[in-house]
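Below you'll find the structure, written out as structure tokens, and then a few comments.
The values are calculated or read from the model by the stated rules, or taken from the named source; none is laboratory data. Everything numeric here is computed off the predicted structure, so don't read it as measured data. Here the Cβ is made from the backbone with ideal geometry for all residues, glycine too, and neighbour counts use every protein chain on show.
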Amino acid sequence: MSCTIWVFAQLGGAGRRPASCEGITVRSKNAMKKLAVYLSICLGLGLITQAKAEGNAEAGKARSATCAACHGMDGNSVNPQWPSLAGQDSGYIARQLMAFKSGDRENVLMSPQAMGLMDQDVEDLAAYFSSQAIAPGTADPELAPAGERLYRGGNLEANIAACAACHGPTGRGNPPASYPALAGQHADYVVAQLKAYREGSRKTDASMNQMMRNVAARMTDKEMRAVAAYIQGLRSE
């Protein structure tokens with residue numbers, strides 16, 4: 001008995017299409033067992049990616065009516081408690097929706113909404129909101145200077161890393177490394193998420209060695225408010 005398994009190896013950052021493929025022919029049960037172990041290791045290391053559906057922005061727009069109640073028709077939320085999604089990396093949006101769907105991330109409003117989404121819905125919604133432009137925000141002039149220092153330089157005494165190191169100097173994020181865009185995001189929402197990381201109720205940084213939980217654990221409430229105010233006024237363009 002023999003079979004051929006085609007393995008697609010992804011080159012480059014997350015979200016890119018597979019760059020190469022190779023056929024592996026297996027001719028014995030023992031070899032198949034060894035291959036299963038090999039594939040498990042590769043999947044765990046991210047060397048092999050599963051094919052996923054491509055998002056369709058038009059389909060996402062049609063599916064976004066329910067989302068608009070909180071996040072706005074174009075992904076710009078008018079309520080500072082709810083995040084703006086416009087311009088966010090599609091891969092990040094999709095991962096968060098899947099986290100709500102699986103229960104890895106919990107919210108009384110988002111969790112039940114995500115439960116009813118098919119994988120294609122997730123990709124379509126992510127594609128739509130990612131294609132929209134984020135509305136610029138304004139920073140609190142009293143808090144922004146301290147927030148800028150923390151965002152750009154961190155706090156060496158408290159061992160707090162600079163936000164810019166991962167999210168970029170203008171808050172555009174780093175999609176290949178799975179770091180979201182922050183520029184223009186509501187300050188209230190940013191503070192709420194930092195506190196959720198600090199308290200351990202948000203754990204979506206598990207694949208990054210709990211980076212956000214470790215950073216937030218060292219931040220004071222005053223520092224959170226300051227850096228959030230600065231982020232709200234950041235312009236990515």
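What are the residue pairs meeting all of these: first residue in region 168-179, first residue surrounded by fewer than 17 Cβ atoms within 10 Å (Cβ to Cβ), second residue at pLDDT 95 or above, Cβ atoms under 8 Å, and 6 or more apart or on different chains?
Filtered contacts from region 168-179: 169/152; 170/183; 170/234; 174/166; 174/167; 174/168; 177/166.
I need every pair where a residue in region 185-214 that is at negative phi and of a type in the set (Asp, Glu) has its Cβ under 6 Å from the Cβ of a residue that is loosely packed, with under 15 Cβ neighbours inside 10 Å and not in a helix (DSSP H, G or I), sequence separation at least 6 or different chains.
That search, which allows pairs on different chains as well, returns 188/81.
Please go through region 219-237 and pick out each residue that is surrounded by fewer than 24 Cβ atoms within 10 Å (Cβ to Cβ), outside any helix (DSSP H, G or I), modelled with pLDDT of 95 or more and under 22 Å from the mean Cα position of the chain (by Cα).
Our first condition is that a residue be surrounded by fewer than 24 Cβ atoms within 10 Å (Cβ to Cβ); within region 219-237, this holds for 219-225, 233, 235-237.
Now drop any that are not outside any helix (DSSP H, G or I), which leaves 219-220, 235-237.
Next cut, modelled with pLDDT of 95 or more only: 219-220.
The answer is 219, and nothing else.
Please give the number of the condition residue 151 fails out of (1) in a loop (DSSP other than H, G, I, E, B); (2) assigned by TED's automatic domain parsing to the domain that holds residue 225; (3) touching a helix residue (DSSP H, G or I) at 6+ places or on another chain (Cβ under 9 Å).
Answer for residue 151: the failing condition is (1).
So which residues in region 172-194 are of a type in the set (A, V, I, L, M, F, W, C) and within 11 Å of the chain's Cα centre (by Cα)?
Just the residues of region 172-194 that are of a type in the set (A, V, I, L, M, F, W, C), to begin with: 177, 181-183, 187, 190-192, 194.
If the condition is that a residue be of a type in the set (A, V, I, L, M, F, W, C) and within 11 Å of the chain's Cα centre (by Cα), then 177, 181, 182 are the ones that fit.
For (1) acidic (Asp, Glu); (2) closer than 22 Å to residue 188 by Cβ; (3) modelled with pLDDT under 95, each residue gets a yes or a no:
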| position | (1), (2), (3) |
| --- | --- |
| 38 | no, no, yes |
| 54 | yes, no, yes |
| 70 | no, yes, no |
| 86 | no, yes, no |
| 102 | no, no, no |
| 125 | no, no, no |
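Could you run through region 130-147 and say how many residues are of a type outside the set (A, V, I, L, M, F, W, C), outside any loop (DSSP other than H, G, I, E, B) and surrounded by fewer than 19 Cβ atoms within 10 Å (Cβ to Cβ)?
First, pick out the residues of region 130-147 that are of a type outside the set (A, V, I, L, M, F, W, C): 130-132, 136-138, 140-142, 145, 147.
Restricting the remaining residues to those that are outside any loop (DSSP other than H, G, I, E, B) gives 130, 145, 147.
Checking which are surrounded by fewer than 19 Cβ atoms within 10 Å (Cβ to Cβ) leaves us with 145.
Residues that pass the stated criteria total 1.
Output yes when any residue across region 179-198 is part of a strand (DSSP E or B), in contact with a helix residue (DSSP H, G or I) (Cβ under 8 Å, 6 or more places away or on another chain), at pLDDT 95 or above and not acidic (Asp, Glu), and no when none is. Write out each step before concluding.
Quick first cut of region 179-198, residues part of a strand (DSSP E or B) only: 179.
Checking the rest, the ones that are also in contact with a helix residue (DSSP H, G or I) (Cβ under 8 Å, 6 or more places away or on another chain) come to 179.
Those left that are additionally at pLDDT 95 or above: 179.
Imposing the further condition that a residue be not acidic (Asp, Glu) reduces the set to 179.
There is at least one residue in region 179-198 that is part of a strand (DSSP E or B), in contact with a helix residue (DSSP H, G or I) (Cβ under 8 Å, 6 or more places away or on another chain), at pLDDT 95 or above and not acidic (Asp, Glu).
Considering only region 87-122, state which residues are among the polar types (S, T, N, Q) and either at positive phi or surrounded by fewer than 21 Cβ atoms within 10 Å (Cβ to Cβ) (or both). Spell out the reasoning first.
Restricting attention to region 87-122, the residues satisfying the condition of being among the polar types (S, T, N, Q) are 88, 90, 96, 102, 107, 111, 113, 120.
102, 107, 111, 113, 120 - these are the residues of region 87-122 that are among the polar types (S, T, N, Q) and either at positive phi or surrounded by fewer than 21 Cβ atoms within 10 Å (Cβ to Cβ) (or both).
Report whether or not residue 109 is assigned by TED's automatic domain parsing to the domain that holds residue 206, over 28 Å from residue 237 (Cβ atoms) and out of contact with any Phe, Trp or Tyr (no Cβ under 8 Å at 6 or more places or on another chain). Give the steps one after another, and end with the answer.
Working: assigned by TED's automatic domain parsing to the domain that holds residue 206: no; over 28 Å from residue 237 (Cβ atoms): yes; out of contact with any Phe, Trp or Tyr (no Cβ under 8 Å at 6 or more places or on another chain): yes.
Against the criterion (assigned by TED's automatic domain parsing to the domain that holds residue 206, over 28 Å from residue 237 (Cβ atoms) and out of contact with any Phe, Trp or Tyr (no Cβ under 8 Å at 6 or more places or on another chain)), residue 109 does not qualify.
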